[in-house]
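Rule-based calculations on the coordinates, nothing more; no lab input. Everything numeric here is computed off the predicted structure, so don't read it as measured data. Note: ideal-geometry Cβ built from the backbone for every residue, glycine included; neighbour counts use all protein chains shown.
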Amino acid sequence: MNDTTYTFHVTGMHCGSCGMLIDEALEQTAGVYRAETSVRAGRTVVDADPAVTDVPTLIAVIADAGYQARLAATE
Ligand SMILES: [Cu+2]
């Protein structure tokens with residue numbers, strides 16, 4: 001199984017609900033195994049299958065939830 005970990009810097013989050021909203025939106029996205037957002041750190045870590053989804057898609061999902069994301073790291 002393909003598994004890439006993407007770390008995004010996310011701005012616009014105010015509280016824990018913001019983080020849960022982002023995690024739920026990402027985990028409903030095809031190819032995403034797991035998402036974990038830290039509101040305090042302003043960061044979302046996403047485990048996903050790069051054969052199914054990609055960075056622009058993940059950023060768009062976060063944008064649709066109402067937040068701005070940019071890729072910080074891929075491993
Ligand atoms: Cu909030």
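One line per residue, one yes/no per condition, for (1) closer than 24 Å to CYS15 by Cβ; (2) within 9 Å of the chain's Cα centre (by Cα); (3) in contact (Cβ under 8 Å) with a residue 40 or more places away in the chain:
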| site | (1), (2), (3) |
| --- | --- |
| THR37 | yes, yes, no |
| GLY42 | yes, no, no |
| VAL46 | yes, yes, yes |
| ASP54 | no, no, no |
| THR57 | no, no, no |
| ALA60 | yes, no, no |
| GLY66 | yes, no, yes |
| ALA73 | no, no, yes |
Exercise. Of the residues that make up the range 62-69, is at least one among the aromatic types (Phe, Trp, Tyr) and more than 14 Å from the ligand (Cβ to nearest atom)?
Worked result: no
Exercise. Being at positive phi and away from the ligand (no atom under 16 Å from the Cβ), is that true of even one residue in the range 18-32?
Worked result: yes
For this session: Kindly list, by first and then second residue, each pair from a residue in the range 4-32 that is free of Cβ contacts under 8 Å to residues at least 12 places away in the same chain and over 12 Å from TYR67 (Cβ atoms) to a residue that is among the aliphatic types (A, V, I, L, M) and surrounded by 13 or more Cβ atoms within 10 Å (Cβ to Cβ), limited to pairs with Cβ atoms under 8 Å and residues at least 6 apart or on different chains.
Result: GLU27/ALA35
Exercise. What do you reckon, is ASP49 more than 13 Å from LEU71 (Cβ to Cβ) and buried (at least 17 other Cβ atoms within 10 Å of the Cβ)?
Worked result: no
